[in-house]
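These notes are about the structure you will find just below.
The values are calculated or read from the model by the stated rules, or taken from the named source; none is laboratory data. Note that the coordinates shown come from a computational prediction; the quantities given were computed from them, not determined experimentally. Backbone-built Cβ (ideal geometry, glycine too); neighbour counts: all protein chains shown. Note: areas computed on protein heavy atoms with side chains; ligands, DNA, RNA excluded. Shrake-Rupley method; radii C 1.70, N 1.55, O 1.52, S 1.80 Å.
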Amino acid sequence: MAAIGLTNLPLDLPTATEVFPAVRFESPSIESPTHRQFLEALGVAVYTTDSEGRITFYNEAAAAFWGRRPELGELWCGSWRLFWPDGTPLAHDECPMAIALREGRSVRGSEAVAERPDGTRVAFIPYPTVVEDADGRVIGAVNVLVDVSRQYRAEEAAHAARAAKDEFLAMVSHELRTPVTTIFGNARLLRERGSLPDGPAAMIADIETDAERLLGVVENLLTLTSGTAARQVDREPQILGRVLSRVVASFERRHPGRSVPLAIQDPHAIVEADEGYLELLIGNLLSNAHKYSPIAAPIDVGLRQVDGEVEVTFLDRGIGIGPEDVEVLFESFYRAEAARKISGGLGIGLSACKLIVQLLGGRIWARPRPDGGSEFGFALPLSPDPSD
Ligand code: ADP
């Protein structure tokens, strides 16, 4: 069974003394018929041991949980075999109940897997609680075993579905990348030759624009869906100002009606990054500023060095963002109402940006501008100067 954290499960379980408020464990064995009836009626696996860890009582739910009826006097737990959630064997004398008794304290927060004699396995959370006499001496322990297999299976299924979806999207994106790059590149070459009559030239320009848009989608999908191994970034020193100028210049060539004033205060600032990721990051923020603001309004792009970081900002005069959108914008598939009204999109560009910035150890933000429009920006750690 895959190791899946259950920290997000709504399991706020009571302690043994909360479960049995009326039960006074005066002796390690459950001698009173009332106690036995009470524990049987619970319907959750419960057993008790003496101070040496020998089983003194278990209810029917525990027998069903273990898939066996241990002899009274068996040690620590009635499970046939025990494992950690990652599948490695867990010795009975190292189980949470054994720890609780050895250390004289209640043990919480552990998870384990029990195997029954018929080979079936059940994931569970134990709640071993030591029982003390009036003088505070440990006289035994009570353990409640909570079956969490259903939650495990649900988490595993969700995990597998996510992985399958990511794999599929990554495969499709890979397949699309090469042909779309070819279409985009050739359309650009044809346009740049400038020898075509107006009609075909406009058609070629449309092919180039749409191929570029498609290429952006493919690159974002690839970034978001590639597995963690593939996400090991090839970091190399990059002069961020140069990459920024190149992307902005290429953007301006493709969008002649748009002005993008560029203010680079620190042209030599170096960051450790993957060039392709930087281009995608800058390209995404620039094309959003373009998409969500009127063509006549300039987009101010700036780069400056502050406190060990290099900051790049994109200031537009467009539809702006609400303060409530500031965080959610970076979640996959989120699109603000105002954005939906004026353009299509998948809502994955900013989440790809966030992932890239995280991989590069930086930060990213969005904020409304006081006089309308939005500011998007990112900051990356400044690479240490080798001459220092
Ligand atoms: P898409 O642009 O395809 O919707 P993104 O992930 O790039 O996807 O952006 C997510 C959302 O963030 C957009 O739908 C829009 O609501 C908002 N957004 C992004 N950039 C801007 C911007 N420059 N101005 C206003 N809203 C923006």
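Data table
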{"quantity": "Residues of segment 307-322 satisfying the condition of being within 7 Å of the ligand (Cβ to nearest atom) and of a type in the set (Gly, Ala, Ser)", "calculated": "Gly318, Gly320"}
{"quantity": "Hits in segment 253-265 (condition: modelled with pLDDT under 95 and surrounded by 14 or more Cβ atoms within 10 Å (Cβ to Cβ))", "calculated": "Arg254, His255"}
{"quantity": "Conditions (1) over 22 Å from the mean Cα position of the chain (by Cα); (2) more than 9 Å from the ligand (Cβ to nearest atom): number failed by Glu327", "calculated": "(1)"}
{"quantity": "Qualifying residue in segment 80-88 (condition: among the aliphatic types (A, V, I, L, M), farther than 14 Å from Ile55 by Cβ and crowded, with 16+ Cβ neighbours inside 10 Å)", "calculated": "yes"}
{"quantity": "Looking only at segment 330-373, and only at residues there that are among the polar types (S, T, N, Q) and surrounded by 14 or more Cβ atoms within 10 Å (Cβ to Cβ), the one that is farthest from the ligand (Cβ to nearest atom)", "calculated": "Ser332"}
{"quantity": "Candidate set from segment 189-209 (those that are within 22 Å of Glu279 (Cβ to Cβ) and at pLDDT 90 or above); member that is surrounded by the most Cβ atoms within 10 Å (Cβ to Cβ)", "calculated": "Glu208"}
{"quantity": "Filter pass, Pro179 being without any contact (Cβ under 8 Å) to a residue 12 or more places away in the chain and open to solvent by 40 Å² or more (accessible area, probe 1.4 Å)", "calculated": "yes"}
{"quantity": "Test for Tyr277: is it more than 8 Å from the ligand (Cβ to nearest atom), of a type outside the set (A, V, I, L, M) and not in a strand (DSSP E or B)", "calculated": "yes"}
{"quantity": "Output for segment 91-107, where each listed residue is buried (at least 20 other Cβ atoms within 10 Å of the Cβ) and in contact with a helix residue (DSSP H, G or I) (Cβ under 9 Å, 6 or more places away or on another chain)", "calculated": "Ala98, Val107"}
{"quantity": "Every pair of residues 6+ apart whose Cβ atoms lie under 6 Å, when the first sits in segment 211-230 and is more than 17 Å from Phe330 (Cβ to Cβ) while the second is open to solvent by 50 Å² or more (accessible area, probe 1.4 Å) and modelled with pLDDT of 90 or more", "calculated": "Ala211/Ile183; Val218/Leu176; Val218/Arg177"}
{"quantity": "Meets criteria (under 30 Å from Ala160 (Cα atoms), surrounded by 11 or more Cβ atoms within 10 Å (Cβ to Cβ) and of a type outside the set (Lys, Arg)) for Leu215", "calculated": "yes"}
